[in-house]
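Data block below; observations after.
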Amino acid sequence: MLDRLAAECARLVAADHGRRLDGSLASLVELDEVCLALLADGPLAEDRLRLWWRLVGAYTGRVLVQAYGGTWIDHEGSLAVEVSGVKAFPFSTAHRVLSGEEGKSLASFGRALPVIIDRQSRVPGTPD
């Protein structure tokens, strides 16, 4: 189901926005641009928000799984991606981006994960 949604996201982005999503971390920059374009005329109507939330969340999660060797998990009733014991929430991030929350970015979310993993794996009290 999630792979199908991610593939549909890539298809719609290509068809409607002329951008190619190739499954790489860099493609999240493209998807950020699409999200900005979707919001250009104001907030999304509830049905469009729900549709794009599902598509963008599934695509972003699939990128994390592929880039970092993560797995999809259920975390307290929400889908998350777990990588090296760290849980990432692509659907939450997608909702925040698609709601126009200032400073939220799918690309930043993807790039931040290895930094968070590195910091959590360090022994407390050792310098950065």
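Numbers for the structure displayed
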quantity	calculated
Longest exposed-site-free window of the chain, the sites being GluC sites (Glu not before Pro) in a DSSP loop that have at most 15 other C-beta atoms within 10 Å	1-75
DSSP loop trypsin sites (Lys or Arg not before Pro) with at most 14 other Cβ within 10 Å: longest gap in the chain	21-121
Between segment 1-47 and segment 78-92, the alpha-carbon center distance in angstrom	20
Crossing angle, helix 46-68 versus the chain [Cα axis fit, 0-90 degrees, rounded to tens]	40
Separation in nanometres of the label points that stand 7 Å from Cα toward Cβ, at Ala7 and Glu33	2.6
Simple spin-label estimate for Gln66 and Ala15 in nanometres, 7 Å along Cα-Cβ	1.9
Pairwise FRET efficiency - Asp41 versus Glu82, Cβ, R0 = 41 Å, nearest 0.05	0.65
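Bear in mind these aren't lab numbers, they're just calculated from the coordinates by the rules spelled out. Everything numeric here is computed off the predicted structure, so don't read it as measured data. Heads up, the Cβs are rebuilt from the backbone with ideal geometry, glycines too, and the neighbour counts pull from every protein chain shown.
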